[in-house]
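Just below is one structure, and these are the notes that go with it.
The values are calculated or read from the model by the stated rules, or taken from the named source; none is laboratory data. No experiment lies behind these values; they were computed from the predicted model shown. Positions of Cβ are backbone-derived with ideal geometry, glycine not excepted, and every protein chain shown enters the neighbour counts.
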Amino acid sequence: MKLFKSSDEKKKSTYEESLEKYPELMNFIHNKKRKEHFIQKEQNFILYWEAYKRIVGYAIRYANDEMKSKEWREVYGILIGSVEGSYILIKEAIPMVSGDRAGVEYENKQYVDMANIDHRIYEKAIIDKENDFIIGWWHTHPGFGFFYSPVDTLTHLGYQSVNSNAIGLIFDHTKLDKKSTGIAGLRLKDVSKPSIKSHHLPSDYEIVELIFKPGKEQFISDISELIDDIKKNKDKIDDTLKYIKNTIKNNAIKKLEDQFGLLPQNKGDLSNRDSYTWDTEEDFPQDLPTFRKFLEEKGEQFKERLDKLKISGDVSKYKKEKVKIQKEFKKELEVPKDFCKTIIQDYKDKIKEIIRYWDYLDSSERLMCEEILTKLTNYAETLRDITINVLKK
Ligand SMILES: [Zn+2]
(Lines give C-alpha, C1' and ligand atoms only; values in the text may rest on other atoms or scores of the structure.)
Protein backbone atom coordinates (compact mmCIF):
# COMPACT_ATOMS: atom_id res chain seq x y z
CA MET A 1 0.00 0.00 0.00
CA LYS A 2 1.31 3.39 -0.94
CA LEU A 3 0.93 6.08 1.64
CA PHE A 4 1.89 8.90 -0.63
CA LYS A 5 1.10 9.44 -4.21
CA SER A 6 3.97 10.37 -6.45
CA SER A 7 3.76 13.91 -7.74
CA ASP A 8 3.02 12.61 -11.21
CA GLU A 9 -0.01 10.70 -10.07
CA LYS A 10 -1.14 13.58 -7.98
CA LYS A 11 -1.27 15.85 -10.96
CA LYS A 12 -3.84 13.74 -12.70
CA SER A 13 -7.33 14.74 -11.77
CA THR A 14 -10.31 12.48 -12.02
CA TYR A 15 -11.42 14.67 -14.85
CA GLU A 16 -8.22 14.21 -16.80
CA GLU A 17 -8.37 10.49 -16.26
CA SER A 18 -11.88 10.44 -17.56
CA LEU A 19 -10.76 12.40 -20.58
CA GLU A 20 -8.19 9.80 -21.52
CA LYS A 21 -10.95 7.33 -22.10
CA TYR A 22 -12.41 9.56 -24.75
CA PRO A 23 -9.67 10.28 -27.25
CA GLU A 24 -12.04 12.18 -29.50
CA LEU A 25 -12.78 14.76 -26.86
CA MET A 26 -9.14 14.86 -25.85
CA ASN A 27 -8.23 15.69 -29.43
CA PHE A 28 -10.95 18.24 -29.57
CA ILE A 29 -9.76 19.98 -26.45
CA HIS A 30 -6.14 20.00 -27.53
CA ASN A 31 -6.89 21.14 -31.02
CA LYS A 32 -6.92 24.82 -30.34
CA LYS A 33 -6.64 25.83 -33.95
CA ARG A 34 -10.05 24.69 -34.91
CA LYS A 35 -11.15 26.10 -38.20
CA GLU A 36 -14.71 26.35 -37.19
CA HIS A 37 -15.00 29.28 -34.88
CA PHE A 38 -17.89 29.87 -32.66
CA ILE A 39 -19.69 32.88 -33.96
CA GLN A 40 -21.59 34.82 -31.42
CA LYS A 41 -24.99 35.57 -32.80
CA GLU A 42 -28.30 36.45 -31.35
CA GLN A 43 -29.91 33.42 -29.79
CA ASN A 44 -33.18 33.28 -27.96
CA PHE A 45 -33.81 30.15 -25.97
CA ILE A 46 -37.45 29.31 -25.52
CA LEU A 47 -38.37 26.73 -22.94
CA TYR A 48 -41.76 25.11 -23.47
CA TRP A 49 -43.97 24.15 -20.58
CA GLU A 50 -43.99 20.51 -21.75
CA ALA A 51 -40.23 20.27 -21.39
CA TYR A 52 -40.14 22.07 -18.05
CA LYS A 53 -42.90 19.92 -16.62
CA ARG A 54 -41.11 16.72 -17.53
CA ILE A 55 -37.81 17.85 -16.04
CA VAL A 56 -39.45 18.86 -12.78
CA GLY A 57 -41.69 15.80 -12.60
CA TYR A 58 -38.78 13.38 -12.95
CA ALA A 59 -36.46 15.42 -10.74
CA ILE A 60 -38.95 15.53 -7.88
CA ARG A 61 -39.04 11.73 -7.75
CA TYR A 62 -35.38 11.85 -6.67
CA ALA A 63 -35.12 15.08 -4.68
CA ASN A 64 -37.75 17.11 -2.92
CA ASP A 65 -38.33 18.98 0.32
CA GLU A 66 -39.96 15.98 1.95
CA MET A 67 -36.86 13.85 1.53
CA LYS A 68 -33.70 14.12 3.59
CA SER A 69 -31.14 16.03 1.60
CA LYS A 70 -28.65 13.18 1.90
CA GLU A 71 -31.11 11.03 -0.03
CA TRP A 72 -31.32 13.46 -2.92
CA ARG A 73 -30.09 12.15 -6.21
CA GLU A 74 -29.29 13.86 -9.46
CA VAL A 75 -31.07 13.00 -12.66
CA TYR A 76 -30.19 13.52 -16.28
CA GLY A 77 -31.88 13.77 -19.61
CA ILE A 78 -31.82 15.16 -23.10
CA LEU A 79 -33.60 18.07 -24.74
CA ILE A 80 -35.47 17.88 -28.00
CA GLY A 81 -36.21 20.93 -30.03
CA SER A 82 -35.64 22.88 -33.20
CA VAL A 83 -34.04 26.07 -34.43
CA GLU A 84 -36.10 28.68 -36.15
CA GLY A 85 -34.04 31.65 -37.13
CA SER A 86 -32.60 33.13 -33.98
CA TYR A 87 -35.04 31.16 -31.85
CA ILE A 88 -34.00 27.91 -30.28
CA LEU A 89 -37.10 26.05 -29.22
CA ILE A 90 -36.71 23.63 -26.35
CA LYS A 91 -39.87 21.62 -26.85
CA GLU A 92 -39.34 18.36 -25.01
CA ALA A 93 -37.19 17.05 -22.21
CA ILE A 94 -36.67 13.32 -21.98
CA PRO A 95 -35.75 11.82 -18.61
CA MET A 96 -32.93 9.36 -19.19
CA VAL A 97 -31.28 8.23 -16.00
CA SER A 98 -30.98 8.86 -12.31
CA GLY A 99 -27.51 9.24 -10.95
CA ASP A 100 -25.51 9.39 -7.81
CA ARG A 101 -26.35 11.01 -4.56
CA ALA A 102 -26.19 14.74 -4.82
CA GLY A 103 -23.37 16.54 -3.13
CA VAL A 104 -21.05 13.63 -3.62
CA GLU A 105 -18.00 14.48 -5.63
CA TYR A 106 -18.58 14.19 -9.32
CA GLU A 107 -17.53 10.95 -10.79
CA ASN A 108 -16.79 9.81 -14.26
CA LYS A 109 -20.01 7.91 -14.19
CA GLN A 110 -21.98 11.00 -14.93
CA TYR A 111 -20.26 11.56 -18.21
CA VAL A 112 -20.25 7.90 -19.11
CA ASP A 113 -23.97 7.67 -18.45
CA MET A 114 -24.73 10.45 -20.84
CA ALA A 115 -22.31 9.15 -23.43
CA ASN A 116 -23.74 5.66 -23.32
CA ILE A 117 -27.27 6.75 -23.84
CA ASP A 118 -28.53 5.80 -27.21
CA HIS A 119 -31.20 8.41 -27.62
CA ARG A 120 -32.49 7.07 -30.89
CA ILE A 121 -33.73 3.80 -29.48
CA TYR A 122 -36.04 5.40 -26.99
CA GLU A 123 -37.42 8.49 -28.53
CA LYS A 124 -37.26 7.93 -32.24
CA ALA A 125 -40.84 8.95 -32.69
CA ILE A 126 -40.18 12.36 -31.21
CA ILE A 127 -36.98 12.94 -33.07
CA ASP A 128 -38.58 11.99 -36.37
CA LYS A 129 -41.12 14.71 -35.93
CA GLU A 130 -40.64 17.84 -38.05
CA ASN A 131 -37.16 19.24 -37.77
CA ASP A 132 -36.72 18.29 -34.17
CA PHE A 133 -33.41 17.00 -32.95
CA ILE A 134 -31.44 16.71 -29.76
CA ILE A 135 -30.84 20.30 -28.87
CA GLY A 136 -29.01 19.73 -25.62
CA TRP A 137 -29.17 18.08 -22.26
CA TRP A 138 -30.36 18.72 -18.75
CA HIS A 139 -29.62 17.55 -15.28
CA THR A 140 -30.38 18.46 -11.71
CA HIS A 141 -28.29 19.99 -8.96
CA PRO A 142 -30.51 19.42 -5.95
CA GLY A 143 -29.51 21.99 -3.39
CA PHE A 144 -26.36 23.32 -4.96
CA GLY A 145 -27.37 25.75 -7.64
CA PHE A 146 -26.51 26.63 -11.17
CA PHE A 147 -22.96 26.00 -12.32
CA TYR A 148 -21.02 23.60 -14.45
CA SER A 149 -18.63 21.19 -12.82
CA PRO A 150 -15.68 20.03 -14.94
CA VAL A 151 -17.55 16.89 -15.89
CA ASP A 152 -20.64 18.92 -16.72
CA THR A 153 -18.50 21.07 -18.98
CA LEU A 154 -17.14 17.99 -20.65
CA THR A 155 -20.62 16.59 -21.19
CA HIS A 156 -21.79 19.92 -22.51
CA LEU A 157 -18.86 20.09 -24.93
CA GLY A 158 -20.19 16.95 -26.53
CA TYR A 159 -23.33 18.87 -27.44
CA GLN A 160 -22.16 22.40 -28.12
CA SER A 161 -19.08 21.43 -30.10
CA VAL A 162 -21.25 19.81 -32.74
CA ASN A 163 -24.16 22.22 -32.50
CA SER A 164 -23.52 25.87 -31.77
CA ASN A 165 -27.14 26.24 -30.64
CA ALA A 166 -26.89 23.56 -27.99
CA ILE A 167 -28.00 24.34 -24.48
CA GLY A 168 -27.79 22.67 -21.09
CA LEU A 169 -30.42 23.13 -18.42
CA ILE A 170 -29.97 22.72 -14.70
CA PHE A 171 -32.88 22.33 -12.33
CA ASP A 172 -32.55 22.81 -8.59
CA HIS A 173 -35.79 22.37 -6.69
CA THR A 174 -34.49 24.43 -3.77
CA LYS A 175 -34.27 27.45 -6.06
CA LEU A 176 -37.88 27.20 -7.06
CA ASP A 177 -39.94 29.89 -5.38
CA LYS A 178 -42.50 32.59 -6.10
CA LYS A 179 -40.04 34.41 -8.31
CA SER A 180 -37.99 31.61 -9.83
CA THR A 181 -38.74 28.54 -11.92
CA GLY A 182 -35.73 26.82 -10.37
CA ILE A 183 -34.23 26.21 -13.78
CA ALA A 184 -31.29 27.82 -15.58
CA GLY A 185 -29.86 27.57 -19.08
CA LEU A 186 -26.11 27.19 -19.38
CA ARG A 187 -23.76 27.41 -22.30
CA LEU A 188 -20.04 27.47 -22.79
CA LYS A 189 -18.85 30.88 -23.91
CA ASP A 190 -16.35 29.61 -26.41
CA VAL A 191 -16.13 25.94 -27.24
CA SER A 192 -13.17 26.46 -29.54
CA LYS A 193 -10.80 27.34 -26.71
CA PRO A 194 -11.30 25.13 -23.76
CA SER A 195 -8.23 25.02 -21.58
CA ILE A 196 -6.94 21.91 -19.98
CA LYS A 197 -4.02 23.61 -18.26
CA SER A 198 -5.79 24.05 -15.01
CA HIS A 199 -7.17 21.03 -13.25
CA HIS A 200 -10.61 22.26 -13.97
CA LEU A 201 -12.12 22.83 -17.33
CA PRO A 202 -12.79 26.43 -18.31
CA SER A 203 -15.23 27.93 -15.94
CA ASP A 204 -16.32 30.23 -18.69
CA TYR A 205 -19.84 29.04 -19.00
CA GLU A 206 -22.62 31.53 -18.99
CA ILE A 207 -26.15 31.51 -17.74
CA VAL A 208 -28.42 32.35 -20.63
CA GLU A 209 -31.75 33.98 -20.26
CA LEU A 210 -34.62 31.64 -20.94
CA ILE A 211 -37.93 32.68 -22.39
CA PHE A 212 -40.72 30.65 -20.86
CA LYS A 213 -43.60 29.62 -23.04
CA PRO A 214 -46.41 30.38 -22.26
CA GLY A 215 -44.95 32.48 -19.43
CA LYS A 216 -42.78 32.46 -16.34
CA GLU A 217 -45.57 33.26 -13.91
CA GLN A 218 -47.68 30.48 -15.32
CA PHE A 219 -44.77 28.04 -15.01
CA ILE A 220 -44.33 28.90 -11.36
CA SER A 221 -47.99 28.77 -10.46
CA ASP A 222 -48.77 25.59 -12.42
CA ILE A 223 -45.78 23.50 -11.41
CA SER A 224 -46.66 23.31 -7.72
CA GLU A 225 -49.62 21.08 -8.45
CA LEU A 226 -47.43 18.60 -10.30
CA ILE A 227 -44.81 18.68 -7.56
CA ASP A 228 -47.40 17.93 -4.88
CA ASP A 229 -48.82 15.12 -6.99
CA ILE A 230 -45.41 13.52 -7.57
CA LYS A 231 -44.39 13.85 -3.93
CA LYS A 232 -47.62 12.22 -2.83
CA ASN A 233 -47.38 9.37 -5.34
CA LYS A 234 -43.64 8.91 -5.56
CA ASP A 235 -43.63 5.73 -3.50
CA LYS A 236 -46.57 4.31 -5.41
CA ILE A 237 -44.76 4.90 -8.71
CA ASP A 238 -41.60 3.26 -7.39
CA ASP A 239 -43.47 0.31 -5.88
CA THR A 240 -45.49 -0.28 -9.02
CA LEU A 241 -42.37 -0.23 -11.17
CA LYS A 242 -40.71 -2.61 -8.75
CA TYR A 243 -43.69 -4.94 -8.98
CA ILE A 244 -43.67 -4.81 -12.77
CA LYS A 245 -39.98 -5.65 -12.79
CA ASN A 246 -39.81 -8.30 -10.08
CA THR A 247 -43.18 -9.97 -10.09
CA ILE A 248 -44.25 -9.62 -13.70
CA LYS A 249 -41.02 -9.57 -15.67
CA ASN A 250 -38.61 -11.62 -13.58
CA ASN A 251 -41.12 -14.02 -12.13
CA ALA A 252 -44.35 -14.51 -14.07
CA ILE A 253 -43.03 -14.03 -17.60
CA LYS A 254 -39.99 -16.12 -16.82
CA LYS A 255 -42.22 -18.92 -15.57
CA LEU A 256 -44.39 -18.68 -18.66
CA GLU A 257 -41.32 -18.93 -20.85
CA ASP A 258 -39.78 -21.75 -18.85
CA GLN A 259 -42.89 -23.89 -18.73
CA PHE A 260 -44.74 -22.93 -21.88
CA GLY A 261 -42.11 -21.29 -24.04
CA LEU A 262 -43.17 -20.76 -27.63
CA LEU A 263 -40.51 -18.52 -29.06
CA PRO A 264 -36.86 -19.34 -29.52
CA GLN A 265 -34.84 -17.80 -26.74
CA ASN A 266 -31.76 -15.68 -27.09
CA LYS A 267 -32.05 -15.73 -30.82
CA GLY A 268 -32.02 -12.11 -31.70
CA ASP A 269 -35.08 -10.00 -31.43
CA LEU A 270 -38.62 -11.18 -31.47
CA SER A 271 -39.43 -9.41 -34.69
CA ASN A 272 -37.86 -12.38 -36.49
CA ARG A 273 -40.70 -14.43 -35.16
CA ASP A 274 -42.41 -14.68 -38.55
CA SER A 275 -39.82 -17.08 -39.88
CA TYR A 276 -40.82 -19.57 -37.20
CA THR A 277 -44.53 -19.61 -37.79
CA TRP A 278 -46.37 -22.85 -37.67
CA ASP A 279 -46.77 -23.92 -41.21
CA THR A 280 -43.50 -22.92 -42.80
CA GLU A 281 -41.67 -25.73 -44.52
CA GLU A 282 -38.40 -24.61 -43.01
CA ASP A 283 -36.65 -26.60 -40.34
CA PHE A 284 -37.21 -25.26 -36.89
CA PRO A 285 -34.19 -23.88 -35.12
CA GLN A 286 -32.57 -26.22 -32.64
CA ASP A 287 -33.22 -24.00 -29.66
CA LEU A 288 -37.00 -24.04 -29.76
CA PRO A 289 -38.40 -24.28 -26.25
CA THR A 290 -39.50 -27.73 -25.08
CA PHE A 291 -43.15 -26.80 -24.99
CA ARG A 292 -43.07 -25.48 -28.54
CA LYS A 293 -41.37 -28.68 -29.74
CA PHE A 294 -44.02 -30.68 -27.97
CA LEU A 295 -46.75 -28.73 -29.75
CA GLU A 296 -45.04 -29.08 -33.12
CA GLU A 297 -44.86 -32.85 -32.67
CA LYS A 298 -48.43 -33.05 -31.48
CA GLY A 299 -49.53 -31.11 -34.54
CA GLU A 300 -47.69 -33.49 -36.82
CA GLN A 301 -49.28 -36.51 -35.15
CA PHE A 302 -52.73 -35.03 -35.55
CA LYS A 303 -52.05 -34.33 -39.17
CA GLU A 304 -50.97 -37.92 -39.77
CA ARG A 305 -54.03 -39.32 -38.07
CA LEU A 306 -56.32 -37.14 -40.10
CA ASP A 307 -54.50 -37.80 -43.36
CA LYS A 308 -54.94 -41.54 -42.89
CA LEU A 309 -58.67 -41.11 -42.41
CA LYS A 310 -58.85 -38.81 -45.38
CA ILE A 311 -57.30 -41.47 -47.60
CA SER A 312 -59.63 -44.15 -46.24
CA GLY A 313 -62.57 -42.03 -47.38
CA ASP A 314 -64.60 -42.46 -44.19
CA VAL A 315 -66.01 -38.95 -44.02
CA SER A 316 -68.01 -39.25 -40.80
CA LYS A 317 -65.12 -40.88 -38.97
CA TYR A 318 -62.82 -38.18 -40.30
CA LYS A 319 -65.11 -35.43 -39.06
CA LYS A 320 -65.48 -37.03 -35.65
CA GLU A 321 -61.75 -37.49 -35.31
CA LYS A 322 -61.15 -33.90 -36.32
CA VAL A 323 -63.42 -32.56 -33.59
CA LYS A 324 -61.74 -34.83 -31.08
CA ILE A 325 -58.29 -33.69 -32.12
CA GLN A 326 -59.25 -30.06 -32.01
CA LYS A 327 -60.55 -30.49 -28.49
CA GLU A 328 -57.43 -32.33 -27.47
CA PHE A 329 -55.16 -29.70 -28.89
CA LYS A 330 -57.10 -26.81 -27.42
CA LYS A 331 -56.75 -28.44 -24.04
CA GLU A 332 -52.97 -28.43 -24.30
CA LEU A 333 -53.08 -24.72 -24.85
CA GLU A 334 -55.55 -23.88 -22.13
CA VAL A 335 -53.09 -23.44 -19.28
CA PRO A 336 -50.56 -21.26 -21.10
CA LYS A 337 -53.40 -19.25 -22.59
CA ASP A 338 -54.91 -18.52 -19.20
CA PHE A 339 -51.50 -17.92 -17.69
CA CYS A 340 -50.64 -15.39 -20.38
CA LYS A 341 -54.04 -13.74 -20.03
CA THR A 342 -53.55 -13.37 -16.29
CA ILE A 343 -50.14 -11.79 -16.71
CA ILE A 344 -51.45 -9.38 -19.35
CA GLN A 345 -54.30 -8.36 -17.08
CA ASP A 346 -51.96 -7.86 -14.16
CA TYR A 347 -49.63 -5.80 -16.33
CA LYS A 348 -52.51 -3.68 -17.60
CA ASP A 349 -53.77 -3.04 -14.07
CA LYS A 350 -50.34 -1.94 -12.92
CA ILE A 351 -49.75 0.29 -15.92
CA LYS A 352 -53.12 1.90 -15.33
CA GLU A 353 -51.92 2.92 -11.88
CA ILE A 354 -48.91 4.80 -13.21
CA ILE A 355 -49.87 5.77 -16.75
CA ARG A 356 -50.41 9.42 -15.86
CA TYR A 357 -46.84 9.56 -14.62
CA TRP A 358 -45.49 8.01 -17.83
CA ASP A 359 -43.73 11.25 -18.82
CA TYR A 360 -41.87 11.23 -15.53
CA LEU A 361 -40.42 7.74 -15.97
CA ASP A 362 -36.94 7.46 -17.35
CA SER A 363 -35.89 5.68 -20.48
CA SER A 364 -35.05 2.37 -18.85
CA GLU A 365 -38.33 2.32 -16.94
CA ARG A 366 -40.34 3.07 -20.06
CA LEU A 367 -38.32 0.58 -22.09
CA MET A 368 -38.88 -2.15 -19.52
CA CYS A 369 -42.65 -1.63 -19.65
CA GLU A 370 -42.67 -1.57 -23.43
CA GLU A 371 -40.60 -4.71 -23.69
CA ILE A 372 -42.92 -6.58 -21.37
CA LEU A 373 -45.89 -5.61 -23.47
CA THR A 374 -44.13 -6.67 -26.67
CA LYS A 375 -43.20 -10.00 -25.15
CA LEU A 376 -46.70 -10.74 -23.91
CA THR A 377 -48.30 -9.61 -27.15
CA ASN A 378 -45.95 -11.79 -29.17
CA TYR A 379 -46.67 -14.73 -26.94
CA ALA A 380 -50.43 -14.32 -27.22
CA GLU A 381 -50.20 -13.89 -30.99
CA THR A 382 -48.02 -16.94 -31.42
CA LEU A 383 -50.38 -19.00 -29.33
CA ARG A 384 -53.25 -17.83 -31.50
CA ASP A 385 -51.32 -18.55 -34.71
CA ILE A 386 -50.53 -22.05 -33.55
CA THR A 387 -54.14 -22.73 -32.67
CA ILE A 388 -55.43 -21.41 -35.98
CA ASN A 389 -52.86 -23.32 -37.97
CA VAL A 390 -53.55 -26.62 -36.31
CA LEU A 391 -57.29 -26.28 -36.32
CA LYS A 392 -57.58 -25.44 -39.97
CA LYS A 393 -55.88 -28.68 -40.98
ZN1 LIG B 1 -23.82 19.02 -12.69
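Here is how the numbers come out for the structure above:
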quantity	calculated
Among residues of the range 215-241, those that are without any contact (Cβ under 8 Å) to a residue 24 or more places away in the chain and under 22 Å from the mean Cα position of the chain (by Cα), counted	2
Residue list for the range 127-185, filter: more than 10 Å from the ligand (Cβ to nearest atom) and of a type in the set (Ser, Thr, Tyr)	159, 161, 164, 174, 180, 181
Cβ-Cβ under 6 Å pairs, at least 6 apart or on other chains, the range 139-151 side within 24 Å of residue 92 (Cα to Cα), far side modelled with pLDDT of 95 or more and within 9 Å of the ligand (Cβ to nearest atom)	141/170; 146/170
Hits in the range 275-302 (condition: in contact with a Ser or Thr (Cβ under 9 Å, 6 or more places away or on another chain), in a helix (DSSP H, G or I) and at pLDDT below 90)	276
Failed condition for residue 123, given (1) within 16 Å of residue 76 (Cβ to Cβ); (2) at pLDDT below 90; (3) within 14 Å of the ligand (Cβ to nearest atom); (4) acidic (Asp, Glu)	(3)
